[in-house]
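**Q** Dropping a structure here in structure tokens format, bear with me for questions.
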């Protein structure tokens, strides 16, 4: 092995070690917060069947995992559930003595938010991308979703998104879907491991 090759290999190994150190520090800081409510989510999705990573992605977007958040429209907690939606869930779940401030409780909030999201996913189950329609309803309400559905191509995500005249809702849908894909990819194949593998292949 030549001197230059040895230096290249040493630089590559050093870079990998440094990358691992940074990645581990990042994961240590991030993972506990993002996975803090996973046990609650796991329990809730047994009752309201939806991929738990979707629920986590919604929580990330809505509150960044802060159960004390109060929104401008009085949305509360992790999934930013409105008092009206909370009451609808409580009636459906036959939950007695529900009060809107109960939505600050993480478990209650996740149950109410996941119930709402699951209902929307069932409603749009025949679409080519039910999640996009469901997330749009979660963010902007059913009346707007009905307005954005293309009557000539009602099952199409592409047509639906092209009719969406709320840029904030379009961004909402796209960022949650991107986060969901990130969670799925990192579940068994963390991003930092893929990056290291690419570096090694280049070497």
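The values are calculated or read from the model by the stated rules, or taken from the named source; none is laboratory data. In this text the structure is predicted, and so the values were computed from the model without any measurement. With ideal geometry, Cβ positions are generated from the backbone for all residues, glycine too; neighbour counts draw on all protein chains shown.
**Q** Kindly establish whether residue 32 is over 15 Å from residue 113 (Cβ atoms) and modelled with pLDDT under 95.
**A** Details: over 15 Å from residue 113 (Cβ atoms): yes; modelled with pLDDT under 95: yes.
Criteria met by residue 32.
**Q** When you check residue 132 against the structure, is it buried (at least 19 other Cβ atoms within 10 Å of the Cβ), touching a strand residue (DSSP E or B) at 6+ places or on another chain (Cβ under 6 Å) and either under 20 Å from residue 49 (Cβ atoms) or at pLDDT 95 or above (or both), yes or no? Give the derivation first.
**A** Details: buried (at least 19 other Cβ atoms within 10 Å of the Cβ): yes; touching a strand residue (DSSP E or B) at 6+ places or on another chain (Cβ under 6 Å): no; either under 20 Å from residue 49 (Cβ atoms) or at pLDDT 95 or above (or both): yes.
No; evaluated as a whole, the condition is false for this residue.
**Q** Looking at (1) under 18 Å from the mean Cα position of the chain (by Cα); (2) in a helix (DSSP H, G or I); (3) within 19 Å of residue 177 (Cα to Cα), which is the only condition residue 112 fails?
**A** The one condition residue 112 does not meet is (3).
**Q** Same structure again: Identify the residue in segment 76-99 that is part of a loop (DSSP other than H, G, I, E, B) and surrounded by 17 or more Cβ atoms within 10 Å (Cβ to Cβ) and, among all such residues, is farthest from the chain's Cα centre (by Cα).
**A** We begin by selecting, within segment 76-99, every residue part of a loop (DSSP other than H, G, I, E, B); these are 77-80, 82, 93-99.
Within this subset, residues satisfying the condition of being surrounded by 17 or more Cβ atoms within 10 Å (Cβ to Cβ) are 77-80, 82, 98.
Numbers: 77: 15, 78: 12, 79: 10, 80: 13, 82: 18, 98: 26 Å.
Among them, the one singled out is 98.
**Q** Conditions first: (1) out of contact with any helix residue (DSSP H, G or I) (no Cβ under 7 Å at 6 or more places or on another chain); (2) part of a loop (DSSP other than H, G, I, E, B); (3) farther than 18 Å from residue 48 by Cα; (4) without any contact (Cβ under 8 Å) to a residue 24 or more places away in the chain. Residue 143 passes all but one, so which condition is the exception?
**A** (2)
**Q** Looking at segment 37-94 only, could you name the residues that are more than 23 Å from residue 175 (Cα to Cα) and free of Cβ contacts under 8 Å to residues at least 12 places away in the same chain?
**A** 39, 46, 84, 91, 94
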